[in-house]
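Read through the structure below, which is laid out as structure tokens, and then see the notes.
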Amino acid sequence: MNPLLSDNAHTVLNSRYLLKNEDGVIVESPAELFKRVANHIAKAELTFGNAADAKAWEEKFYTLMCKLKFMPNSPTLMNAGMPLGQLSACFVLPVEDSIESIFTTLKNTAIIQQSGGGTGFNFSALRPEGDFISSSSGHASGPVSFIKIFDAATQHIKQGGKRRGANMGIINIDHPDIEEFISVKREEGVLSNFNISVGIYDTFMLAVEQDLNWQLKHPGTGKVMKEIKARILWNTIVENAWSSGDPGLVFLDTVNESNPTPVVGAINCTNPCGEVPLLAYEACNLGSINVSKFILSNSKQIDWKNLEETIHYSIRFLDNVIEMNNYIIPEIKAMVSGNRKIGLGIMGWAELLIKMHIPYDSEEAIQLAEQLMKFINEKSKAVSVELAKQRGVFKNWKKSIYYPQTSIRNATRTSIAPTGTISIIAGTSSSIEPLFALAFHRENVLNNETLDDINPLFVEYLKENKLYAEAIIQQVKKTGTLAETNLSAEVKSLFKTSLEIEPQWHIRHQVAFQKYTDNAVSKTINMPAEATIKDINNAYMYAWKQKAKGVTIFRYGSKQKQVLKSGIDNQDACHVCIS
């Protein structure tokens, strides 16, 4: 079986994933890549069964990927069956208030990023800038200065030798240096290898609502170092997010309400894109189901039976990854084997809705989102319970929310990742995002290459409904949308693009999926260039009230370098890049 791949999928695979010899010549086909991955991951079956079991599951995993129904995270595709063998996408590392801790973490960061993983850190334990250091009679340089050191190191490390490292940096809202942190990315190019978010408490949000003072406290002594109006801090966050897209917010109380192992520790950090809240030294193995593949022929209904089988195979695949992973840092091996967190998510959501003729910004879409993710979550849990019967519970089970009622293999099972390049391989829309545009550039996806996309589902729809006209195609290539075409309101509604959709609908989708997701949801609240500071304020406040675990916005044109560029022929449009 050979996978049916788009030209852009081949470009991505050729650049990043397929094996090359010493001369840089590709020596592996896409089918051979999937075979390599399936073979390696299926070897976990030998621990619990026999060679026949391993061979049977290898075929199932191979077919799953070849049919583009499921893709694991990039490090698994890159490293499975290879000497490096590091298969996890994301890690969280601790940063304690000592030079030894800081630079041990920096060393571990370099090792992880070189192997293909992304890293998250909460720097809130570091003493504030100017604080007296008794051991040296000097003064602390503060957490922001150390974040810049981590950023500089990342600049010179490529993940797995194939992509630049990615980081999440968090400082909590009560840290004395929080004002500096909030504004640090206002200058273009600063911390270019970091997403940054403010760790937010419910008490702070209530203080904002009630216009109360907020205390900034020394992280070591708890001494109040400054009082400031909560709304002043909040407004600074909102204004910087409007101007640069950073910082995002991580709602720590909401995150910890669903912490599956609270006895093991409180969660204060996430991976680089925010979809996996993790304890220190935890890593997560991710994979995504291409839900656009699960429409019954000649109908607008989801093929629930086929989807259930795919969930079954995918969860087993991800649990096997934990067995077959090469843990390059001992503390990570202990934490991962202790909790066995995995994250099964989706991609192709926008295309599924289009196939079912459901507009993204509709109540019907929100209801389907809840129905779909509830199904995936329940079936994922059922598979994990069954695996526990065969393989045993995770080691920290007795310290978890599942003890003693539910014997289960994995502390978490589901997570909605952004699916950047794997959705290109699968030939579908990314994650739960709406279509960014009907035609767009992806810039700096690979080695400063540009990929042009015109959505094939849109072209197919036009042809099926006898609406195809070259004038429409040319207009879409120019603007990326249907706004200036003469197509009907119904068609324009169905193919409405990200910047045409009100922010509230973006957040409602995020919250709908979060309701039935163990980990978290990576979702960008895209806003048009003319969005106001008040729009950002309302989006952030609404996300908190709706119990999102975090929120990230992006106002089109607020950075010189962005993720996507709407339109192919419009050279005056704002350029966008994706790492």
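The values are calculated or read from the model by the stated rules, or taken from the named source; none is laboratory data. The structure displayed is predicted, hence computed values, not measured ones. Positions of Cβ are generated from backbone atoms using ideal geometry, with glycine treated the same way; all protein chains shown enter the neighbour counts.
Condition check ((1) surrounded by 12 or more Cβ atoms within 10 Å (Cβ to Cβ); (2) under 20 Å from SER423 (Cβ atoms); (3) touching a helix residue (DSSP H, G or I) at 6+ places or on another chain (Cβ under 9 Å); (4) among the hydroxyl-bearing types (Ser, Thr, Tyr)) across all residues:
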position: ASP7; (1), (2), (3), (4): no, yes, no, no
position: VAL12; (1), (2), (3), (4): yes, yes, yes, no
position: ARG16; (1), (2), (3), (4): yes, yes, yes, no
position: GLY24; (1), (2), (3), (4): no, no, no, no
position: GLU32; (1), (2), (3), (4): yes, no, no, no
position: LYS35; (1), (2), (3), (4): yes, no, yes, no
position: ALA56; (1), (2), (3), (4): yes, no, yes, no
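Within the stretch 189-200, the residues that satisfy the criterion of being within 20 Å of GLY165 (Cβ to Cβ) and out of contact with any helix residue (DSSP H, G or I) (no Cβ under 6 Å at 6 or more places or on another chain) are GLY189, VAL190, SER192, ASN195, ILE196, SER197.
Flag: GLY118 matches the condition of being crowded, with 24+ Cβ neighbours inside 10 Å and not hydroxyl-bearing (Ser, Thr, Tyr). Could you go through the stretch 353-366 and let me know if any residue there is at pLDDT 95 or above and under 25 Å from TYR62 (Cα atoms). No; the residues of the stretch 353-366 include none that is at pLDDT 95 or above and under 25 Å from TYR62 (Cα atoms).
Which of the residues belonging to the stretch 513-535 are buried (at least 23 other Cβ atoms within 10 Å of the Cβ) and either aromatic (Phe, Trp, Tyr) or more than 21 Å from the chain's Cα centre (by Cα) (or both)? Matches in the stretch 513-535: PHE513 only. Taken together, ALA411, ALA417, ALA426 contain a single residue that is over 18 Å from the mean Cα position of the chain (by Cα) and buried (at least 24 other Cβ atoms within 10 Å of the Cβ), which is ALA411.
In the set (1) closer than 21 Å to THR524 by Cα; (2) surrounded by 21 or more Cβ atoms within 10 Å (Cβ to Cβ); (3) modelled with pLDDT of 95 or more; (4) not charged (D, E, K, R), VAL383 fails one condition alone, (1).
Figure legend. Inter-residue proximity from the stretch 55-82: first residues more than 26 Å from ILE112 (Cα to Cα) and in contact (Cβ under 8 Å) with a residue 60 or more places away in the chain, second residues surrounded by fewer than 22 Cβ atoms within 10 Å (Cβ to Cβ) and hydrophobic (A, V, I, L, M, F, W, C), beta-carbon distance below 6 Å, spacing 6+ or different chains. Indicated pairs: CYS66/MET1.
Would you check which residues across the stretch 175-214 are closer than 18 Å to PHE150 by Cβ and either part of a strand (DSSP E or B) or not assigned by TED's automatic domain parsing to the domain that holds LEU249 (or both) and list them? Matches in the stretch 175-214: PHE194, ASN195, ILE196, SER197, VAL198, GLY199.
When the stretch 485-512 is limited to residues that are outside any loop (DSSP other than H, G, I, E, B), free of Cβ contacts under 8 Å to residues at least 60 places away in the same chain and over 16 Å from TYR542 (Cα atoms), the one that is nearest to the chain's Cα centre (by Cα) turns out to be GLU500.
For the stretch 90-111, the criterion of being in contact (Cβ under 8 Å) with a residue 12 or more places away in the chain, among the polar types (S, T, N, Q), in contact with a helix residue (DSSP H, G or I) (Cβ under 7 Å, 6 or more places away or on another chain) and not in a strand (DSSP E or B) is satisfied by at least one residue.
Tell me, yes or no, whether the stretch 225-232 has at least one residue that is surrounded by 20 or more Cβ atoms within 10 Å (Cβ to Cβ), aliphatic (A, V, I, L, M) and more than 27 Å from THR154 (Cα to Cα). Yes. If you go through the stretch 26-80 and keep only what is of a type in the set (S, T, N, Q) and assigned to a helix (DSSP H, G or I), you end up with ASN39, THR47, THR63, SER74, THR76, ASN79. The single condition among (1) of a type in the set (A, V, I, L, M); (2) under 19 Å from ILE432 (Cα atoms); (3) over 20 Å from the mean Cα position of the chain (by Cα) that ILE328 does not meet is (2).
If you go through the stretch 300-315 and keep only what is outside any helix (DSSP H, G or I) and surrounded by 15 or more Cβ atoms within 10 Å (Cβ to Cβ), you end up with ILE302, ASP303.
This table checks each residue for (1) over 17 Å from ASN122 (Cα atoms); (2) under 20 Å from the mean Cα position of the chain (by Cα).
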{"residue": "HIS218", "(1), (2)": "no, no"}
{"residue": "LYS223", "(1), (2)": "yes, no"}
{"residue": "GLY245", "(1), (2)": "yes, yes"}
{"residue": "THR261", "(1), (2)": "yes, no"}
{"residue": "CYS269", "(1), (2)": "no, yes"}
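Scanning the stretch 375-406 for residues that are closer than 21 Å to THR47 by Cβ and not charged (D, E, K, R) gives VAL383, SER384, VAL385, LEU387, ALA388, GLN390, GLY392, VAL393, PHE394, ASN396, TRP397. When every residue of the stretch 286-299 is checked against the conditions, none turns out to be in contact with a Gly (Cβ under 8 Å, 6 or more places away or on another chain) and in a loop (DSSP other than H, G, I, E, B). Of all residue pairs spaced 6 or more apart or on separate chains, those with beta-carbon atoms under 6 Å, a first member in the stretch 346-374 that is of a type in the set (Val, Ile, Thr) and a second member that is crowded, with 22+ Cβ neighbours inside 10 Å and part of a strand (DSSP E or B) are ILE346/SER288; ILE346/ILE289.
Here VAL264 clears all of (1) of a type in the set (A, V, I, L, M); (2) part of a strand (DSSP E or B); (3) out of contact with any Gly (no Cβ under 7 Å at 6 or more places or on another chain) except the condition numbered (2). Take the conditions (1) free of Cβ contacts under 8 Å to residues at least 60 places away in the same chain; (2) hydroxyl-bearing (Ser, Thr, Tyr); (3) out of contact with any Lys or Arg (no Cβ under 9 Å at 6 or more places or on another chain); SER197 misses just one of them, which is (1).
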